[in-house]
Amino acid sequence: MPRVSRRRVLQAGSALAAMPAASQQTENAVAASDATDIGKLPRVKQELVDPPFVPKHEQTNPGGPAIVEVELVVDEGKRVIDESGTEVHTLTFNDSIPGPLIICHEGDYVELTLKNPHGNVFMHNIDFHASTGGLGGGALTKVAPGQQVVLRWRATKPGTFIYHCAPGGSMIPYHVVSGMNGAVMVLPREGLSDRGGSPIRYDRAYYIGEQDFYVPRDSQGNFMRYERHADGIADMLGVMRTLTPSHVVLNGSVGALTGDRALRAHVGETVLFIHSQANRDSRPHLIGGHGDYVWEQGSFSDPPAHGLETWFIRGGSAGAAIYTFKQPGVYNYLTHNLIEAVELGALAQVVVDGDWDDDLMTQVQAPAPIPA
Ligand SMILES: [Cu+2]
């Protein structure tokens, strides 16, 4: 394969975006000055982990920028997404739905190696909403089976952002609703803060990726199974065009974050929830708790909202919410379209241990017959 120079691709990208010539020159100038400094920056390899867990990270990082190296491998597989054994062919980053959370600090460079292994059949790429230029990296990362590519981009905007595959045409939504999406969290160097500028720190963080699936049904209404991935594409595109998902789930399947697989916390702990939805709107709600601080639109440049009951995640974005648990119990974390939560699967649980606070809530009288 002939190597395409970065400059050429940038020019192609600018033609697509009708970028004026002056800004093209500026971009090339910036690229040249970056190239001289980049070799001096420290490199940090980030071990990505399967959600709901997040990679090890510092909440503050007052030092200078680093190059954060990450690797994503495209998986073309199959998975069961509900209790009745409904099976879907999946397209994923690192065999995980959602793809792993990547964490860096504002000003860092993210250097991604994207691998599309031999044996896969589709072309893939990646569009980082946190990045700038070149279709979010999509123009520079198209990889055929057997290829890998390395992309570096600078995290200039602090916040939570999705990334997703976007190989072109109908394959863009098809790959996204087959699982190819995840999120990046770009922390401010001084860490998170409230609207008064006071620091906010968390004891643990969980990444929840909401996924809509569009599984075709047969004439009896049963979910279809397809031997090969390609066999089901036309039927699935038909269901996608109804805009009516068969499943809406948190972290890849119904029940992925409930029961034995529920999230854990203790009374008094402050928990950061990052919630992404690459394709549809969502309404996260923690039953029995609140969003103490919520960056609903995901931008850490804006102060968080305080004390919310439900927040809104726009399709194609990720947001963050922080809550300090004050009571023990099993909390349901769901999308407050309750039909999607209860009937379609978009429900997780947080099991919190600790002591009950009677001052916050108490049962004054147990259920008893109404006096005559
Ligand atoms: Cu893809």
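Tell me which residues, restricted to the stretch 13-60, are modelled with pLDDT under 95 and either under 20 Å from residue 184 (Cα atoms) or assigned to a loop (DSSP other than H, G, I, E, B) (or both).
First pass over the stretch 13-60, keeping only residues modelled with pLDDT under 95: 13-40.
17, 18, 19, 20, 39, 40 - these are the residues of the stretch 13-60 that are modelled with pLDDT under 95 and either under 20 Å from residue 184 (Cα atoms) or assigned to a loop (DSSP other than H, G, I, E, B) (or both).
Tell me which residues, restricted to the stretch 152-170, are more than 16 Å from the ligand (Cβ to nearest atom) and either touching a Gly at 6+ places or on another chain (Cβ under 6 Å) or assigned to a strand (DSSP E or B) (or both).
So in the stretch 152-170, the residues more than 16 Å from the ligand (Cβ to nearest atom) come out as 152-161.
Matches in the stretch 152-170: 152, 153, 154, 159, 160, 161.
Could you look through the stretch 177-197, keep only residues that are buried (at least 22 other Cβ atoms within 10 Å of the Cβ) and either under 12 Å from the mean Cα position of the chain (by Cα) or assigned to a loop (DSSP other than H, G, I, E, B) (or both), and pick out the one that is farthest from the ligand (Cβ to nearest atom)?
Only one residue tops the list, namely 185.
Within the stretch 258-372, considering only strands (runs of 3 or more DSSP E) that don't extend past its boundaries, which have at least 1 residues that are of a type in the set (Gly, Ala, Ser) and within 30 Å of residue 166 (Cα to Cα)? Before the answer, list the steps.
Numbers: elements: 263-266, 270-277, 284-286, 291-295, 305-308, 317-324, 329-335, 347-353.
Correct list: 270-277, 317-324, 347-353.
Is there a residue being surrounded by fewer than 23 Cβ atoms within 10 Å (Cβ to Cβ), in the same structural domain as residue 269 (by TED's automatic domain parsing) and under 22 Å from the mean Cα position of the chain (by Cα) anywhere in the stretch 157-171?
So far as the stretch 157-171 goes, no, none of its residues is surrounded by fewer than 23 Cβ atoms within 10 Å (Cβ to Cβ), in the same structural domain as residue 269 (by TED's automatic domain parsing) and under 22 Å from the mean Cα position of the chain (by Cα).
Are there any strands (runs of 3 or more DSSP E) wholly within the stretch 85-130 with 3 or more residues that are more than 14 Å from the ligand (Cβ to nearest atom), and if so which? Steps first, answer last, please.
Values: elements: 87-93, 102-105, 109-116.
Those strands (runs of 3 or more DSSP E) span 102-105, 109-116.
When the residues of the stretch 142-151 are narrowed to those that are within 12 Å of the ligand (Cβ to nearest atom) and without any contact (Cβ under 8 Å) to a residue 40 or more places away in the chain, which ends up farthest from residue 88 (Cα to Cα)?
Filtering the stretch 142-151 for residues within 12 Å of the ligand (Cβ to nearest atom) gives 142-145.
Cutting the leftovers down to without any contact (Cβ under 8 Å) to a residue 40 or more places away in the chain gives us 142, 144-145.
Numbers: 142: 24, 144: 22, 145: 21 Å.
The selected residue is 142.
Looking at 179, 134, 168, which one is touching a Leu at 6+ places or on another chain (Cβ under 9 Å), over 24 Å from residue 252 (Cβ atoms) and not aliphatic (A, V, I, L, M)?
Numbers: 179 fails: over 24 Å from residue 252 (Cβ atoms); 168 fails: touching a Leu at 6+ places or on another chain (Cβ under 9 Å).
Only one candidate passes the filter, namely 134.
Can you find a residue in the stretch 221-237 that is more than 16 Å from the ligand (Cβ to nearest atom), among the aliphatic types (A, V, I, L, M) and under 18 Å from the mean Cα position of the chain (by Cα)?
Applying the first criterion (more than 16 Å from the ligand (Cβ to nearest atom)) to the stretch 221-237 yields 221-228, 231, 234-235.
Filter again for among the aliphatic types (A, V, I, L, M), leaving 224, 234.
Then keep just the ones that are under 18 Å from the mean Cα position of the chain (by Cα); that gives none.
No, the conditions are met nowhere in the stretch 221-237.
The values are calculated or read from the model by the stated rules, or taken from the named source; none is laboratory data. Please read these numbers as outputs of a predicted model, since none were measured by experiment. Cβ: placed from backbone, ideal geometry, glycine included. Neighbour counts: every protein chain shown.
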